[in-house]
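**Student:** Below: one structure in C-alpha cells.
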Amino acid sequence: MRVDADNPRIEEIKRYVWRHFPEVSSPSSCSPTIDDVAAELPPDVRDRFSRHVAEFDDPNSDSLSSEDAAIVMAVHNRLETKNFIEMIRGHDLNIARCPRCGHVVASPFAEQCLACGHNWRGSAAKENDDRTKR
C-alpha cells in the first residue's frame, strides 16, 4: 500500500491504522516532539511558541493567539503525518475501502459505507449462489 501526505483521505487512513493496526503505528508514536514542531515554525511564531511552552505552568502567562495556534497545529499535523508514513512504510496493510466511493470503512469487516451508505452485505455469498445456479 502506497500512502503519501497528499492523499485526500490521509486522516481517515491514520485513524484506521491506529485503530486496527496498533502494533504498526499509534497516535503517540507519530506525535512530533515540541522541539521538532518549534524547528519548523517561522521565526516570529517560534519565539512566541517557545515563550508559551516555557511559561505553560504559569497561570498568568498569555496564551498563543488563534493565528499562532493554527500555524502550530498545521506544523504538528504535517509532522505527525510524515512520521505516520515513515512508520507504515514497508508494512503490507490492507485498508478496507468502500467499493463505490473509495472512503475508508469503519473496520476490516465492515460491509456498509458510513460516507455514502453503500451496502455490500452478502454480495459475495449472493455472487457464489448465482454462479452455482448456472
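**Student:** Determine, yes or no, whether Glu86 is of a type in the set (Asp, Glu) and either surrounded by 13 or more Cβ atoms within 10 Å (Cβ to Cβ) or under 12 Å from the mean Cα position of the chain (by Cα) (or both).
**Tutor:** Here the answer is no, as Glu86 does not meet what is asked.
**Student:** Still on this structure: Using beta carbons and a limit of 8 Å, which pairs, at least six apart or on different chains, have the first residue in segment 75-90 and in the same structural domain as Glu23 (by TED's automatic domain parsing) and more than 14 Å from Arg2 (Cβ to Cβ) and the second one aliphatic (A, V, I, L, M) and exposed (fewer than 15 other Cβ atoms within 10 Å of the Cβ)?
**Tutor:** If the second residue must be aliphatic (A, V, I, L, M) and exposed (fewer than 15 other Cβ atoms within 10 Å of the Cβ), the pairs left are Arg78/Ala5; Thr81/Ala5; Lys82/Ala5.
**Student:** OK, next. Considering (1) exposed (fewer than 15 other Cβ atoms within 10 Å of the Cβ); (2) assigned to a loop (DSSP other than H, G, I, E, B), say which one Ser29 fails and leave the rest.
**Tutor:** Failing condition for Ser29: (2).
**Student:** All but one of (1) surrounded by 14 or more Cβ atoms within 10 Å (Cβ to Cβ); (2) assigned to a helix (DSSP H, G or I) hold for Leu93; which doesn't?
**Tutor:** Result: Leu93 fails condition (2) only.
**Student:** Moving to a separate point now. Can you pull out the residues in segment 96-122 that are basic (Lys, Arg) and assigned to a loop (DSSP other than H, G, I, E, B)?
**Tutor:** Matches in segment 96-122: Arg100, Arg121.
The values are calculated or read from the model by the stated rules, or taken from the named source; none is laboratory data. Keep in mind the model is a prediction, meaning the values are calculated, not measured. Glycine gets a Cβ as well: all are built from the backbone with ideal geometry, and neighbour counts include every protein chain shown.
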